[in-house]
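Structure, as structure tokens:
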Amino acid sequence: MSATPTAALRSCPPETEEIVDAYRDLAAPVAERTADADFTAGWRAMADLGVLRLAPPDAAAPGPVTRALAMIEGIGLAGVDPGLCYALASQVFGMQFPLRATLPAAARDAVADVQDGRTLLCHALTERGGGSDPFSMETRAVRDADGFVLDGAKTFITAAPVADRAIVFARTAPGRSPFALSAFLLPLDLPGVRRGETFAKTALPTVPMGELIFEGARLPADALLGEEGSGLAVMASTTAWERSVILGYALGPMHRLLTRTVEWAAGRDHFGRRMGASHQVAARVSDMALALHRSRVQLYAMAARLDAGTPARQLAAEAALTKISVSEDYVRMTEHATALSGVRAFLPGFDLAADLSSPMAALTYAGPNDLLRVAVARQLGLPVEN
């Protein structure tokens, strides 16, 4: 698919745009070759291109976060499945970068294999009874000899059915104290750990989602991330990282959607003229371009802040606003494209078929937008509760 209609929206520094283009070109033949492959095969194919490899913090411009974001945008622009792009972005931004900031050097070396795609991480926070309230957590890790014993269950976990290791949050003290929770990094082949239900999804269906169940799983002391009782701080870091830049997975699909819509409107005859000659059509297409431009500017601005060394937790409000804005622009953009495509948007065999569920999922993944609005209002000083 030609990217010409969106060339005017490529406003990043040249070195960043070169990475976007390089990974678009690298990924295009791989995406075609693996289109019918399973999730793990697609994951490893993208890892072989270097998508999971983090540049060192002192790398030449662009910085490591901007570079990773450009890679994700590039593979999306090449047509790599949006679910796979989402899963890659979730691991890179929601786990790999936070772990690099959290773990000591020796522990980082122990998980270095995630960068070659042969080891896959998942983030196990949500429980069926708790939803977005971490203090309702029932999974418990109890001190025992020189380690912990873990009991409980986590659900709705991206990549749980295929992951090799998990970041698991568990209660290590009673009550709603900010020090009641702890975070652990553990292999999923430990005795007492098993995979529960795998969920069929209508949104981003290619990336698996499932449950993890812990039944007296014994964890060594070094499975603890940070200090005991620092789980809320680890959670704040991982979620701030994720909300800052995870929507980078949508940039490629947004580019492709705009390009497809422009080509359709420019070539379709409608009421004796080209469809694109209509002011109403032009306005919708311009709104789509605005959504893509705004999303790109916001995401790369967040990446630049992180590259500059700003701690992710200090960006919580900006991260929430970015996640809200980009996810809602993704939905609006899809709605515009669907309106312009007519019935063809709902026919799977046509090039204009629309996926409405996956953009809608962006409103919920990494935190429901309604709750993020509450958090932003609270940081602005309103006495609002969840």
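If exposed chymotrypsin sites (Phe, Trp or Tyr not before Pro) are those in a DSSP loop with at most 16 other Cβ within 10 Å, what is the longest stretch of the chain that has none? Free of exposed loop sites, the longest segment is 1-178. Database remark: amide H of Met209 closer than 5 angstrom to the amide H of Ala159, Phe199 (H placed geometrically; neighbours at sequence offset of 5 or more, or on other chains; Pro and chain starts carry no H).
Is the range 91-235 best put as rounded, prolate or oblate by its Cα gyration tensor, with a ≥ b ≥ c the root eigenvalues, rounded for a/c under 1.5, and otherwise prolate when a/b is larger than b/c, oblate when not? Rounded. By accessible area, using a 1.4 Å probe on protein heavy atoms only, the range 247-361 has 57% of its surface on carbon and sulfur. Taken over the Cα atoms of the range 200-242, the convex hull encloses 134 Å³ per residue.
Shown here is the pair-distance distribution of the range 234-386: with all Cα-Cα distances grouped in 5 Å bins from zero up to the longest one, the shares run 1, 9, 17, 18, 16, 12, 9, 7, 5, 3, 1, 0, 0 percent. Here the chain is treated as an ellipsoid with the same Cα gyration tensor; its semi-axes, largest first and in whole Å, are 37, 21, 20.
Volume of the convex hull of the range 289-369 (Cα atoms only), normalised per residue: 93 Å³.
Accessible surface computed residue by residue for the range 183-226, with neighbouring protein chains in place and a 1.4 Å probe, gives 46 Å² per residue. Based on the Stokes-Einstein relation at 25 °C and a viscosity of 0.890 mPa s, and on the Kirkwood radius from alpha carbon pairs, the range 117-173 is assigned a translational diffusion coefficient of 201 µm²/s.
Surface exposure of the range 266-386, expressed per residue as accessible area with a 1.4 Å probe, stands at 54 Å².
Each Cα pair under 8 Å and six or more residues apart adds its separation to the average, and for the chain the resulting relative contact order is 17 percent. What do you get for the angle between helix 39-48 and the principal long axis of the chain? Use alpha-carbon atoms, 0 to 90 degrees, nearest ten. So the inclination is approximately 80 degrees. A Förster radius of 56 Å combined with the Cβ-Cβ distance from Ala105 to Arg268 puts the calculated FRET efficiency at roughly 0.45.
Fully extending the segment from Glu215 to Ser177 would add 11.2 nm, taking 0.36 nm per residue of separation and subtracting the current Cα-Cα distance. Close amide H partners of Leu190, meaning residues 5 or more places away or on another chain with modelled amide H under 5 Å apart, do not exist here.
Solvent-accessible area of the range 1-86 (1.4 angstrom probe, protein heavy atoms only): carbon and sulfur portion equals 53 percent. For the range 25-118, the share of alpha carbon pairs falling in successive 5 Å distance bins from zero is 2, 14, 25, 25, 18, 10, 5, 1 percent. The string of couplings for the range 91-103 from the Karplus curve (6.51, -1.76, 1.60, θ = phi - 60°) is 6, 5, 8, x, 9, 5, 5, x, 5, 4, 7, 9, 7 Hz, one whole number per residue in order, with x for Gly and Pro. Applying the Karplus relation 6.51 cos²θ - 1.76 cosθ + 1.60 with θ = phi - 60° to the range 313-329 yields 3J(HN,Hα) values of 5, 6, 9, 4, 5, 5, 5, 5, 5, 5, 4, 4, 4, 5, 5, 6, 5 Hz, where x marks Gly and Pro.
For the chain, the longest principal axis of the C-alpha atoms and the axis of helix 279-307 are separated by about 30°. For the chain, a Gaussian network of Cα nodes joined below 10 Å ranks Asp81, Asp370, Asp307 by mean-square fluctuation, and the top entry is Asp370. Across the options Ala375, Phe135, Gly192, the greatest Cα extent toward the positive end of the charge dipole of the chain (unit charges at beta carbon of Lys, Arg, Asp, Glu) belongs to Ala375. Residues within the reach of a label modelled at Gln379 (point 7 angstrom out along Cα to beta-carbon, backbone nitrogen below 14 Å), restricted to the range 215-242, are 236-242. Among Ser327, Ser182, Ser136, which one shows the biggest mean-square fluctuation in a GNM of the chain, springs joining Cα atoms closer than 10 Å? Of Ser327, Ser182, Ser136, the most mobile in the Gaussian network model is Ser136. When the chain is treated as a GNM with alpha-carbon contacts under 10 Å, the residue of Glu17, Glu215, Glu138 showing the greatest mean-square fluctuation is Glu215.
Remark: relative contact order (the range 270-353) = 32 percent; criterion is Cα-Cα distance under 8 angstrom and separation of 6 or more residues. Relative contact order, whole percent, for the range 142-230 stands at 41, derived from Cα pairs under 8 Å and 6 or more residues apart. Taking the longest Cα principal axis of the chain as reference, the axis of helix 64-77 is set at about 50 degrees.
The values are calculated or read from the model by the stated rules, or taken from the named source; none is laboratory data. Since this is a predicted model, take the numbers as computed values, not measurements. In this analysis, Cβ positions are derived from the backbone assuming ideal geometry, glycine residues included, and neighbour counts consider all displayed protein chains. When the accessible area is computed, the model is the full protein with side chains, heavy atoms only, and any ligands, DNA or RNA have been set aside. Shrake-Rupley method; radii C 1.70, N 1.55, O 1.52, S 1.80 Å.
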